[in-house]
């Protein structure tokens, strides 16, 4: 059972149009790896933004800040950052908060 409140992280990227499909495939693999290999990561959605043609948002949910900190020090995050470096035009600052309501708690 995961923490019903949890720690939420939102990452947002503007991707080079020519590399968009490649970035999405990489992000999909990364998101699955995070949920499967990190006990404190229970949701990781990859979202194409309707307002930005090549914008991608990650919605990540963790049990707590410690679980997010473990994610930050993971080898798969380091590999993902290295792999997407040439695909992204802009990476916005992370937004973080505490989940206060919502459904689908696993």
Discussion item. 7 Å from Cα along Cα→Cβ at both residue 35 and residue 64: what's the point-to-point distance in nm?
Written reply: 2.4 nm
Worksheet item: With axes computed from alpha carbons, what is the tilt in degrees of helix 75-84 against the longest principal axis of the chain, rounded to the nearest 10 within 0 to 90?
Response: 30 degrees
Practice prompt. For the chain, list log₁₀ I(q)/I(0) at each q in 0.10, 0.17, 0.22, 0.23 Å⁻¹, using the Debye formula over Cα point scatterers of equal strength and ignoring solvent, two decimals each.
Written response: -0.27, -0.79, -1.23, -1.31
Item to complete: Could you calculate the contour length gain from residue 100 to residue 19, that is, 0.36 nm times the residue separation minus the distance between their Cα atoms, to one decimal place in nm?
Response: 25.6 nm
Response to the item:
Using alpha-carbon positions, the gyration tensor of the range 1-42 gives root eigenvalues a ≥ b ≥ c; with a/c under 1.5 called rounded, otherwise prolate if a/b exceeds b/c, else oblate, the class is oblate
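Every read-out reported here was derived from the displayed coordinates using simple, explicitly stated rules and does not represent laboratory data. Note that the structure is a prediction, hence the values are computed from the model and not measured. Ideal geometry is used to build each Cβ from the backbone, glycine not excepted, and the neighbour counts take in all protein chains shown.
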